[in-house]
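The values are calculated or read from the model by the stated rules, or taken from the named source; none is laboratory data. If you're wondering where the values come from, they're calculated on a predicted model, not measured in any experiment. We place every Cβ from the backbone using ideal geometry, glycine too, and count neighbours over all the protein chains shown. We work out accessible area using only protein heavy atoms, side chains counted, and drop any ligands, DNA or RNA first. Shrake-Rupley method; radii C 1.70, N 1.55, O 1.52, S 1.80 Å.
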Amino acid sequence: MGKEFCVSFGTTLPKRRTTCSCSRSSGEAAAVSPWEDRARCEAALLGRRRSCRAPARARRRPERQEGRGSMVVSPLLRAVIMGPPGSGKGTVSARIIKHFGVKHLSSGDLLRDNMQKRTEVGILAKSYIDQGRLIPDDIMTQLMLTELKGLDQYNWLLDGFPRTVAQAEALDKECHVDTVIDLDVPFETIKCRLTARWIHPASGRVYNLEFSPPKVQGIDDITGEPLVQRDDDKPETVSRRLQAYDAQTKPVLEYYREKGLLKSFSGTETNKIWPHIYAFLQTKLPDVSQKNDATLR
């Protein structure tokens with residue numbers, strides 16, 4: 001028999017090792033099978049000016065690998081926000097969530113939720129609060145770290161934790177904190193801010209005698225019912241809270257300052273502090289609010 005019929009071209013190919021047609025055209029010789037030679041000839045006749053298939057695949061593979069290697073995955077952000085009561089942590093945290101899409105975990109919110117649901121931790125925490133005692137470090141640490149386990153795939157911001165060096169050390173054992181945002185607001189400013197705050201108990205509407213006073217002093221604008229001042233906002237209580245913060249939490253600021261993680265933002269107005277915090281966080285995360293706005297449009 002000695003020969004085979006080539007279906008594509010109606011020619012016969014000898015059953016012997018021969019020289020690749022496309023290699024011959026470039027002055028190169030290679031011993032290949034007739035089937036490999038036929039495939040190359042088909043490609044050449046179809047106008048595909050390419051060399052042997054195996055070498056072509058070999059050339060493309062490093063390019064794909066190089067492309068994959070060039071992809072940069074940004075590390076997740078683990079941040080803490082600190083500041084005295086009334087320093088604007090809630091307002092700043094809300095803006096950080098809006099612009100940078102981080103998960104916000106507030107120790108105060110978590111405690112209130114657990115107490116409302118009467119969980120084991122919530123009942124225990126309430127017993128300390130009712131006695132006017134601080135919640136022990138191990139209870140707060142267990143509560144927060146348990147919640148953080150569900151956020152290991154997200155950027156997050158801790159608010160109200162850690163409040164002691166022991167809590168900070170326990171947090172360090174579980175995860176690495178990248179940055180600590182400190183709202184450095186003078187105590188006198190906070191005293192004026194908090195003691196000027198009055199609320200309508202039924203609705204929760206908040207008035208500030210300096211920035212957003214009611215139309216009639218001591219009266220809710222909508223219902224005409226009397227406003228009240230929370231115990232936490234009374235001058236003597238505010239002074240005690242600030243003293244407690246100074247004694248308990250300032251060592252935590254020093255702890256993070258020594259680690260080179262503390263970033264302090266000083267001022268008396270949140271709206272003037274915020275642009276500096278925003279610029280700082282932009283070096284770490286993209287502004288997702290702009291992307292969301294573009295999607296909505």
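The rows are residues; the columns are (1) farther than 21 Å from Ala170 by Cα; (2) of a type in the set (A, V, I, L, M, F, W, C); (3) open to solvent by 80 Å² or more (accessible area, probe 1.4 Å).
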{"site": "Arg118", "(1), (2), (3)": "yes, no, yes"}
{"site": "Gly122", "(1), (2), (3)": "no, no, no"}
{"site": "Ala125", "(1), (2), (3)": "no, yes, no"}
{"site": "Gln131", "(1), (2), (3)": "yes, no, yes"}
{"site": "Asp138", "(1), (2), (3)": "no, no, yes"}
{"site": "Thr141", "(1), (2), (3)": "no, no, no"}
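Name the strands (runs of 3 or more DSSP E) wholly within segment 150-265 that hold at least 1 residues that are closer than 27 Å to Val102 by Cβ, open to solvent by 60 Å² or more (accessible area, probe 1.4 Å) and free of Cβ contacts under 8 Å to residues at least 12 places away in the same chain? Lay out the reasoning, then the answer.
Numbers: elements: 156-159, 179-184, 197-200, 205-208.
Where strands (runs of 3 or more DSSP E) fall fully within segment 150-265 and carry at least 1 residues being closer than 27 Å to Val102 by Cβ, open to solvent by 60 Å² or more (accessible area, probe 1.4 Å) and free of Cβ contacts under 8 Å to residues at least 12 places away in the same chain, they are 205-208.
So, in segment 86-108, how many residues would count as being under 19 Å from the mean Cα position of the chain (by Cα), closer than 15 Å to Gln142 by Cα and in a helix (DSSP H, G or I)?
First pass over segment 86-108, keeping only residues under 19 Å from the mean Cα position of the chain (by Cα): 89-107.
Filter again for closer than 15 Å to Gln142 by Cα, leaving 105-107.
With in a helix (DSSP H, G or I) added as a condition, the list becomes 107.
Here the count works out to 1.
Starting from residues that are open to solvent by less than 40 Å² (accessible area, probe 1.4 Å) and not polar (S, T, N, Q), keep the ones in segment 100-116 and report whichever is farthest from Val180 (Cα to Cα). Talk me through it step by step, then tell me what you get.
Going through segment 100-116, the residues open to solvent by less than 40 Å² (accessible area, probe 1.4 Å) turn out to be 100, 102, 105-108, 110-111, 114.
When the remaining residues are screened for being not polar (S, T, N, Q), the result is 100, 102, 105, 108, 110-111.
Numbers: Phe100: 16, Val102: 14, Leu105: 14, Gly108: 18, Leu110: 20, Leu111: 22 Å.
Filtering segment 100-116 for residues that are open to solvent by less than 40 Å² (accessible area, probe 1.4 Å) and not polar (S, T, N, Q), the one farthest from Val180 (Cα to Cα) comes out as Leu111.
Can you pull out the residues in segment 97-123 that are in contact with a Phe, Trp or Tyr (Cβ under 9 Å, 6 or more places away or on another chain) and of a type in the set (Val, Ile, Thr)?
If the condition is that a residue be in contact with a Phe, Trp or Tyr (Cβ under 9 Å, 6 or more places away or on another chain) and of a type in the set (Val, Ile, Thr), then Val102 is the only one that fits.
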